[in-house]
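K.L.:
This is the structure, below, for whatever I ask next.
The values are calculated or read from the model by the stated rules, or taken from the named source; none is laboratory data. Please read all numbers here as calculations on a predicted model, not as lab measurements. Backbone-built Cβ (ideal geometry, glycine too); neighbour counts: all protein chains shown.
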Amino acid sequence: MSVEMTKKNNRVFLPITINRKLWNFDAAMIFLNQVYCEQLDEKEKSRLHYSFCNVKRPIKDKLFQDNIKAVAACIGQVISSHSKIYEDREYWERLFFRCLLYIVYDVQVKILQFEALKSQYRGQEFYTYTKKEFMDKNYFEGRPDSLWTDDYHLWLYTYLAKRYFGIQVEPVEIKGPSVARGEIEKKKNSFLHTLYYKIKKACTSSPQYILRKLREYMYIKIFRGKEEVLYYCLDIPADTSSKWLIGSVGKIQPLQLPLIEVNVSISDELRRDIIFALRNVNNISPIVADIIGRTLPKLYLEEYKYHHENSLHFLTTHKKLKVILSYTGILSCSKETIFSFLAQRRGVKILELQHGGNYELVEGILEQEEYLSDVFYSWSRGAAKPRSSICEILSSPSYKFSYYWDMKSSDRYVLFVGTAFWVYPHYDDSLDDVHKKRYIDRQIEFFSALEKHVRDNLYVKEFYVDYGWHIVSCLTKLFPMLQFLGTEKIATNFSEVDMIDRNISFAEVLTGCRLMVCDHLSTTWREALYLNKPFIMLLDRQTSHFREEALENVRLMEEVGIIIYDCDEAAWLVNRIHENVQGWWNEPTRQRVVKKIREDYLSEVDDIDDWWIHELLRQARK
């Protein structure tokens, strides 16, 4: 039960991880992080003495973004001094911007949490547990993606608590999870199965397949260094790579940077210099400066010189390179990102493809400064394309629809597609996550208004990461007969706790439904549109901020009941059309709107591979 702290329990425990082995269930507890607090089940909530420390979140405004750029430029100066590498300020801003957005904001949130704790619970003595190996760990080492793991958050909470906020931290030795014999056998069998499949494929492949592979190998060898277009981080069919390579006569190839072994230790000198330099940057607190210097991945600091030199050498051997293509590769922390920005500073264009998101409807996404490509390819055509002052917007067909090319369609059930937003929620004075509560309440309202025979034929697919919202478990208690796709599990290493096992693809689910209801803005409805699957978007007026260029089509979809804002109204419509969805969908007025939005929001061609070959070569020679 949530309690006020008193003199009787003035020694209070702080859970700073989702790992419950590092909690003290016998003590009064104060949670700093809502995600950790939501690990408690209903029995624990009524039995335990706990409270939640509320804190307002920092604002990511223009000043915040300018501060990030100043930090990036400062780090770049220090790296240049240490490594004798010189790039202009804009390069460093682009390289570090995305990574620093996350690190700086996360540190600011944790600092505010500790400050609020000290302010709201004066006179209390706080203590916490951490992993034994984190007690004297002055730097967080790991791959760039490890900054999103629970170990990172545990280390950061530990370091801040001990170094800056006078909180007692007690080490606990935790044994690694034992691997069951069955799991070992499963991995062994999986490896043997993969090996068997490769041998079988090599022995049973058709002569045409073998000849094509030999031809690909020859093209790669002959035209290595003569590529005009390189691509990476793309989710495209296997045959497409071959068609691009052969169809372009070797001018379009995957990006394969030379492998280099980099084995360097943390440099105390480099890190100290960065921390010292950052403390002189306006609006950056000494604590934030300290944490940046202790958490930036070695990829960007100790290892950077090697990746920089390797990338420049690669560029000198690829003098004809004009274009780099990816989905969101430039937003990742990788050696390919370093290469991409170095190439961009030397005149190579970065092209980015839309894979998800709802850029054409949602206001402002392509105005964010983290979108650093020169050209962004949207699924939409003509006036329906989004606008951006940062990059050029062009229309293109999408390979995402290739998932559906060989699938057979059916109309067995109604599909409801949900999502989850924001690792750091927004709170009101009652400590409730306002958006989360409203979002889940709207789902409950919709499901409650469905007639029983419709609800019995409903499948629900929530997003596979729910960021601690526990949507599935919450809805299961209220609607025990509701059928959820994918099984729920708890992530053991990531701070976003509830993960849904993706044991079934969205493409399989969508092709099997008679009607899709989607309660958020995403590209989901465009996949339904591509398949000519009837769909309804149940949107919240409070969170649906449309682009000006999308308003005409939005109004048309509202008029024919494709976009609905009221949950009861949407449920009433689903109840009414459940037995004859196609009849409703094919009504002439609605079909005229469907035809228009398909023409506006789906760029389709007869031969997608040929289209992309010509477009990529056009960009390379533009």
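K.L.:
Could you check region 412-530 for strands (runs of 3 or more DSSP E) lying wholly inside it with 2 or more residues that are modelled with pLDDT of 85 or more?
P.N.:
Where strands (runs of 3 or more DSSP E) fall fully within region 412-530 and carry at least 2 residues being modelled with pLDDT of 85 or more, they are 413-417, 458-461, 513-518.
K.L.:
Separate question: Yes or no: region 167-176 includes at least one residue that is modelled with pLDDT under 80 and under 23 Å from D26 (Cα atoms).
P.N.:
yes
K.L.:
Here's something else I'd like to know. What's the number of the only condition in (1) farther than 21 Å from K400 by Cβ; (2) without any contact (Cβ under 8 Å) to a residue 60 or more places away in the chain; (3) in a helix (DSSP H, G or I) that R541 fails to meet?
P.N.:
Just one mismatch for R541, condition (3).
K.L.:
Could you look through region 571-607, keep only residues that are of a type in the set (S, T, Y) and touching a Phe, Trp or Tyr at 6+ places or on another chain (Cβ under 8 Å), and pick out the one that is surrounded by the fewest Cβ atoms within 10 Å (Cβ to Cβ)?
P.N.:
Checking each candidate, the answer is S603.
K.L.:
Would you say V179 is assigned to a loop (DSSP other than H, G, I, E, B) and either of a type outside the set (D, E) or modelled with pLDDT under 70 (or both)?
P.N.:
In short, yes.
K.L.:
Residue pairs, Cβ under 8 Å, 6 or more apart or interchain, first in region 252-281 and in contact (Cβ under 8 Å) with a residue 40 or more places away in the chain and under 24 Å from G76 (Cβ atoms), second small (G, A, S) and part of a helix (DSSP H, G or I). List them.
P.N.:
L257/S311; R271/G293; D273/S81; I274/G293; L278/A289; L278/G293; V281/A70; V281/A289
K.L.:
A follow-up question, please. Which ones in region 30-59 are more than 22 Å from the chain's Cα centre (by Cα) and acidic (D, E)?
P.N.:
D41, E42, E44
K.L.:
If I filter region 547-586 down to residues being free of Cβ contacts under 8 Å to residues at least 24 places away in the same chain and not in a helix (DSSP H, G or I), which single residue comes out as nearest to K452 (Cα to Cα)?
P.N.:
Ranking the qualifying residues of region 547-586, first place goes to D566.
K.L.:
Could I ask something else about it? Mind listing whichever residues of region 111-148 are outside any loop (DSSP other than H, G, I, E, B) and within 22 Å of Y304 (Cβ to Cβ)?
P.N.:
Across region 111-148, the qualifying residues are P144, D145, S146, L147, W148.
K.L.:
Another one. Regarding region 313-325, can at least one residue be identified that is farther than 25 Å from R618 by Cβ, touching a residue at least 12 places away in the same chain (Cβ under 8 Å) and of a type in the set (S, T, Y)?
P.N.:
No, there is no match, as no residue in region 313-325 is farther than 25 Å from R618 by Cβ, touching a residue at least 12 places away in the same chain (Cβ under 8 Å) and of a type in the set (S, T, Y).
K.L.:
Identify, from the list W148, W155, the residue that is buried (at least 17 other Cβ atoms within 10 Å of the Cβ) and closer than 28 Å to I59 by Cβ.
P.N.:
The conditions single out W155.
K.L.:
I'd like to verify a number: residues in region 375-406 that are among the acidic types (D, E) and at pLDDT below 85, how many?
P.N.:
Final tally of qualifying residues: 1.
K.L.:
Are any residues in region 550-594 basic (K, R) and over 32 Å from the mean Cα position of the chain (by Cα), and if so, which ones?
P.N.:
R576, R590, R592, listed by residue number.
K.L.:
Separate question: Name the residues in region 350-374 that are buried (at least 19 other Cβ atoms within 10 Å of the Cβ) and either aromatic (F, W, Y) or at pLDDT 85 or above (or both), would you?
P.N.:
Matches in region 350-374: I350, L351, E352, L353, Q354, Y359, E360, L361, S373.
K.L.:
A follow-up question, please. Which of the residues that make up region 45-67 are in contact (Cβ under 8 Å) with a residue 12 or more places away in the chain, over 16 Å from I111 (Cβ atoms) and either of a type in the set (K, R) or out of contact with any Cys (no Cβ under 7 Å at 6 or more places or on another chain) (or both)?
P.N.:
Scanning region 45-67 gives K45, S46, R47, L48, H49, Y50, S51, L63, Q65.
K.L.:
What number of residues in region 317-336 are in a helix (DSSP H, G or I) and modelled with pLDDT of 95 or more?
P.N.:
0
K.L.:
Under the condition of being outside the structural domain of W379 (by TED's automatic domain parsing) and of a type in the set (S, T, N, Q), which residue from region 279-338 is nearest to I222 (Cα to Cα)?
P.N.:
T295
K.L.:
Taking into account only those residues within region 312-349 that are surrounded by fewer than 21 Cβ atoms within 10 Å (Cβ to Cβ) and of a type in the set (G, A, S), which is nearest to the chain's Cα centre (by Cα)?
P.N.:
Per the stated criteria, the residue is S332.
K.L.:
Need at least 2 residues that are surrounded by 19 or more Cβ atoms within 10 Å (Cβ to Cβ) and charged (D, E, K, R) per element, so show me which helices (runs of 4 or more DSSP H) inside region 217-302 make the cut, counting only ones lying wholly within it.
P.N.:
In region 217-302, the matching helices (runs of 4 or more DSSP H) lie at 286-295.
K.L.:
To continue, here is another question. I'd like to verify a number: residues in region 103-148 that are under 19 Å from S265 (Cβ atoms) and out of contact with any Gly (no Cβ under 9 Å at 6 or more places or on another chain), how many?
P.N.:
The total comes to 11.
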